[in-house]
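This report concerns only the one structure given below.
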Amino acid sequence: MNRKNRGNSSSLPLAKERSGERSGRARSGIDAGKKSSFRNAGNSGKGKDAPVRKEGRKGGHASGGLREVSSAGQRRNNAELPRAGGERLHKALAEVGIGSRREMEVWIADGRVEVNGKTAKVGMSVFPGDRVKVGGRLVALRFSDKPPRVLLYHKPEGEIVSRSDPEGRPSVFAALPRLRGGRWVSVGRLDINTSGLLLFTDSGELANRLTHPSANLLREYAVRVLGELKEEARAELQKGIMLEDGKAAFASLEEAGGDGANRWYRVSLYEGRNREVRRMFEAVGCKVSRLIRVRYGSFLLPSRLKRGRCLELTEEEARSLEKSLA
C-alpha cells in the first residue's frame, strides 16, 4: 500500500458488509469502479460480557491415606509451570480497543483491572483462559493470530463521534455492530457537520498507527464553498496559511465544478487537526457550506455505500493493512 503517492488510488477490496442494526446490502469496493461481494453479518454478541469458560475440577489421589510431603517437594508441587502464549496485560487490553498502552498501564496502577479475581499489577502477563475484568466488566482478550477488525463507515451529517453527549445527539457508535468484550475505536474524527468516510477498528494499537503523523496518510475532501475562490486565495492555501494551532497547507487543491453561488473543490492534506479544512477556508474569507471526506490513506469512500452504513474488511485485507503500517 502506497501511503505517500496520492495518484495511486489502489486499495484493498472489500469482502464483507456490516450494517449493525440497519438492514440491507451495499455492493461496492474501496477501489473506485470495482465491485466486491459482501456477506451479511449480524451482531457479534448479545451480551456485554464474553462467555466465561467453565473450569473443570482438578483430579487428586484416589488413596484414602495421607502422605507426608517434604517442604522442598511441596515447593516443587506448588511451583507454577511455564505457560505459553502469554501477552503483557496492558498490551493485550490495548489490542482489543480499551485504550492506549499508556492508558492501560495507568488503569492497572490505579487498581481498575482484575485478573482471575485478583487486582492486576503493572507489567504482568496474561494467558489464554485468564479472566480479565476492567471496571468490573469482563473483557475478551485476543490471543489468536487473527488480525484486528476494521470497518469503513459512511458518516452522515448530524452524528457525533462520541459515545455520550449531554445534548442527546445521535452517535456514530449506535450504527456499528456490537463487539463482545471490546469496543470500536474511531480512526480520527469528523465534526458533526462533516460527512463521509470514517474508519473504525477494535484495536487501539492499529488506530494509533493509522492516525500517527509518521504514517503520512492522505486525507481527501470534497468541499462546497459559498462564493468563488480567488487565485490568490488558492495559492495561499497551497503555500501554507497560519492558523491558531500552527501552519497548515493543502497537498492539493482542484476545482470540481458547481454553478451559481456554490463551487466544489477537491482538497487533500496529510494531517487531521480539528476542523482544519473549514478553518483554512475561513482564513481566506470563504465559507464552507458542505464538507465530505472521500479518502483516508488508500481507502476511498465506496460510491454505493449509503450514509449510515458500514463495510468490514476481510481478515486477509486487515492483515495486509497491518503489514503496510509495520
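Going by what's in this entry, would R290 be described as in contact with an Asp or Glu (Cβ under 8 Å, 6 or more places away or on another chain) and part of a strand (DSSP E or B)?
Spelling it out, it is not the case that R290 is in contact with an Asp or Glu (Cβ under 8 Å, 6 or more places away or on another chain) and part of a strand (DSSP E or B).
Would you mind finding the one in L321, L301 that is crowded, with 20+ Cβ neighbours inside 10 Å, touching a residue at least 60 places away in the same chain (Cβ under 8 Å) and touching a strand residue (DSSP E or B) at 6+ places or on another chain (Cβ under 6 Å)?
Result: L301 is the single residue among L321, L301 that is crowded, with 20+ Cβ neighbours inside 10 Å, touching a residue at least 60 places away in the same chain (Cβ under 8 Å) and touching a strand residue (DSSP E or B) at 6+ places or on another chain (Cβ under 6 Å).
L151 - would you say it is assigned to a strand (DSSP E or B) and under 25 Å from R319 (Cβ atoms)?
Yes; evaluated as a whole, the condition is true for this residue.
Among the candidates V115, V150, V132, which residue alone is surrounded by 22 or more Cβ atoms within 10 Å (Cβ to Cβ), more than 30 Å from R304 (Cα to Cα) and either in contact (Cβ under 8 Å) with a residue 40 or more places away in the chain or not assigned by TED's automatic domain parsing to the domain that holds S195 (or both)?
V132
Which residues, counting only those in the range 242-260, are of a type in the set (A, V, I, L, M) and more than 14 Å from V284 (Cβ to Cβ)?
A251, A256
Could you list, in sequence order, all residues of the range 187-230 that are of a type in the set (D, E) and in a helix (DSSP H, G or I)?
Across the range 187-230, the qualifying residue is only E205.
Could you tell me whether the range 87-97 includes any residue that is assigned to a loop (DSSP other than H, G, I, E, B), at pLDDT below 85 and outside the structural domain of E315 (by TED's automatic domain parsing)?
Yes, there is a match, as at least one residue in the range 87-97 is assigned to a loop (DSSP other than H, G, I, E, B), at pLDDT below 85 and outside the structural domain of E315 (by TED's automatic domain parsing).
Considering only the range 187-231, how many residues are touching a strand residue (DSSP E or B) at 6+ places or on another chain (Cβ under 9 Å), at negative phi, small (G, A, S) and surrounded by fewer than 19 Cβ atoms within 10 Å (Cβ to Cβ)?
Number satisfying all stated conditions: 1.
When only residues in the range 154-186 that are in a loop (DSSP other than H, G, I, E, B) and among the polar types (S, T, N, Q) count, which is surrounded by the fewest Cβ atoms within 10 Å (Cβ to Cβ)?
For the range 154-186, the residue satisfying everything is S164.
Quick one: which residue in L210, L217, L176, L198 is in contact with a Cys (Cβ under 8 Å, 6 or more places away or on another chain), at pLDDT 90 or above and of a type in the set (A, V, I, L, M, F, W, C)?
Sole residue among the options that is in contact with a Cys (Cβ under 8 Å, 6 or more places away or on another chain), at pLDDT 90 or above and of a type in the set (A, V, I, L, M, F, W, C): L176.
The values are calculated or read from the model by the stated rules, or taken from the named source; none is laboratory data. Because the structure is predicted, anything quoted here is derived from the model rather than measured. Every residue, glycine as well, gets a Cβ built from its backbone with ideal geometry; the counts of neighbours run over all protein chains shown.
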